[in-house]
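Report on the following structure.
Each reported figure results from applying straightforward, stated rules to the coordinates on display, with no laboratory input. If you're wondering where the values come from, they're calculated on a predicted model, not measured in any experiment. In this analysis, Cβ positions are derived from the backbone assuming ideal geometry, glycine residues included, and neighbour counts consider all displayed protein chains.
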Amino acid sequence: MKARAAFLVLVWCLLLSTAAAAQSLPSAKPEEVGLSSERLGKLTARLKADIEKGVIPGAIVLVARHGKIAMFETLGMLNPEAKAPMTRDAIFRIYSMSKPITSVAAMILFEEGRLALNEPVSKYIPKLGGLKVGVEKPDPSGGKPTLELVPSQRDMTIQDLLRHTSGLTYGFFGNTLVKKMYVDSKVWNDYPSNAELIDRLAKLPLANQPGTTWDYSHSTDVLGRLVEVITDKSLYEFEKARVLDPLGMKDTSFYVTDKSKQDRIVEPFPNDRSIGIDADFNDPRVAQKWESGGGGMVGTTMDYARFAQMLLNGGTLSGKRILGPKTVAFMTADHLSASIAPGPLYLPGPGFGFGLGFAVRKDAGVSPLAGSLGEFNWGGAGGTFFWIDPKEDMLVVFMMQAPKQRVPYRAVLKNMIYAAVTKPAAR
């Protein structure tokens, strides 16, 4: 009898723990956390005006400071064709905001001694060893350049994957000969498994010598495969067990196969579905083999806010520790040395370096955007964006599905939200 009672108590405690993990972050009035309601209201008014003009279909803005949500605005339409209004539990394609989640998964293995950042990726994925590098040679007579394949000076490391210095690239940003080979070979268009993607990447030349150039790439997809190889689990299985479930991120996944959730998926305007060359919005209702650690996840604003708050807290949330605080600090330091070139499309922008999964602000000035030294961020090609500011003890999650507007709104958000900070964070 006593054993049965003890068992029931244990079950009850587990249920309470799960419920606590899944709940929203606490809320507060903006003034209670040093923000101006009036000034945040100006951002709301700006977004409403743009929605009425048809610039974007809808959006969600969440601002949290000192662990409390001060702004959680839903605006416009979840689905412009169905005229469905935006809801707080709307599910967005977060694309490259998947990268920080995959990076955290890899760093869990780092903390457990199951990988080291200076190890070559080929130790775990032999096919990615000894790759050639494509070097464009101009035609002296003015004709088209040719591609010369030269040996790589070293194999890419795990650190290279995390900071985008692996030599890999993406085909849908830019028009170099190697990038065109990525597009022509349709590396990912049929949603291969992570293992199949490696097979395809291994047959293509690298765009740069490993460790020499920051180039946005399939690096985080390879990192996701690395997690699979080391853990003998699918990427989603590992992330669900070690990151998503502990943080209560119940709507974050790679696909939305639950029909009861599918009407919550946010859609863009019909004429704004392209995220790059030969790359359009996917349909997450249809499950595929590919679990893209670099860009395949969907999720809600609150799910991502919980993930961001965990990072801001130094790796813990609601009594669940995902990473140690020293590891989070290590990830959010700049990992680009002076010898690493920024590359022709340096997405972090001026004033920013890059850590292990995030752009990291190195200077209080330099960037044309407002912000603080040590702030870290990233965004998704569909229009989503987040940043975490440890100095101000603040995080922001912005969700929309409007790829044409993704860059302009990042400036609007940063400048207007920082303008709403009226009291410095307590030291």
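Things to note:
- The protection proxy used here, the mean number of other Cβ atoms lying within 10 Å of each residue, ranks peptides 145-158, 324-337 as follows, highest first: 324-337, 145-158.
- Pairwise centroid distance, computed over Cα atoms, of the range 206-238 with the range 302-340, Å: 19
- Count of Lys pairs (Cα-Cα under 23 Å; at least 8 positions apart or interchain) in the range 117-231: 20
- Residue-wise HN-Hα coupling along the range 323-328, computed from phi with Karplus coefficients 6.51, -1.76, 1.60 (Hz; x: Gly, Pro): 9, x, x, 5, 5, 4
- Cβ crowding within 10 Å averaged over residues, with 351-357, 286-292, 111-117, 217-223 ranked highest first: 217-223, 351-357, 286-292, 111-117
- Ordered by the count of other Cβ atoms within 10 Å of each Cβ, fewest first, 50, 303 give 50, 303.
- For 73, 237, the sequence from fewest to most other C-beta atoms within 10 Å is 237, 73.
- Gap separating the Cα centres of the range 42-62 and the range 154-205, nearest whole Å: 36
- Amide hydrogen proximity for residue 77: with H placed 1.01 Å from N in the peptide plane, the residues at 5 or more positions away or on another chain lying under 5 Å are 58, 59, 86.
- Proportion of all alpha-carbon pairs of the range 117-231 beyond 23 Å (%): 25
- Estimated purely from DSSP H runs of n ≥ 4, each contributing -39500 (n - 2.57), the mean residue ellipticity at 222 nm for the chain is -9000 deg cm²/dmol once divided by its residues.
- Considering only 193, 248, 54, and ranking their Cα positions along the charge dipole of the chain that arises from unit charges at the beta-carbon of Lys, Arg, Asp and Glu, the one farthest toward the positive end is 248.
- Applying the Karplus relation 6.51 cos²θ - 1.76 cosθ + 1.60 with θ = phi - 60° to the range 347-358 yields 3J(HN,Hα) values of 5, x, x, x, x, 10, x, 9, x, 9, x, 9 Hz, where x marks Gly and Pro.
- Rounded to the nearest 20 debye, the dipole size of the chain about its Cα centre is 680 debye, using +1 on the Cβ of Lys and Arg and -1 on the Cβ of Asp and Glu.
- When each of 304, 124 is scored by the number of other beta-carbon atoms lying within 10 Å, the sequence from fewest to most is 124, 304.
- Amide H contacts of residue 297 (H built 1.01 Å from N, under 5 Å, at least 5 apart or other chain): 94, 95, 98
- The chain: radius of gyration and largest Cα-Cα distance (Dmax), Å: 21.8, 91
- Among 204, 396, 424 the positive-end extreme of the charge dipole of the chain (Cβ point charges): 424
- Zone residues, the range 347-391, relative to residue 46, backbone N less than 13 Å from point 7 Å out along Cα-to-Cβ: 369-371
- Percent antiparallel among DSSP beta bridges (both partners in the range 117-231, rounded to 5): 90
- Crossing angle, helix 301-312 versus the chain [Cα axis fit, 0-90 degrees, rounded to tens]: 80
- Estimated dipole of the range 117-231 in Debye, rounded to 20 [Cβ of Lys and Arg +1, of Asp and Glu -1, Cα centre]: 140
- For residue 213, the residues 5 or more places off, or on other chains, whose built amide H falls under 5 Å of its own are 341.
- 3J(HN,Hα) along the range 289-297: 6, 6, 10, 6, x, x, x, x, 8 Hz, from the Karplus curve 6.51 cos²θ - 1.76 cosθ + 1.60 with θ = phi - 60°, whole Hz, x for Gly and Pro.
- Additional length obtainable on full extension of the chain from residue 111 to residue 370, 0.36 nm per residue less Cα span: 89.9 nm
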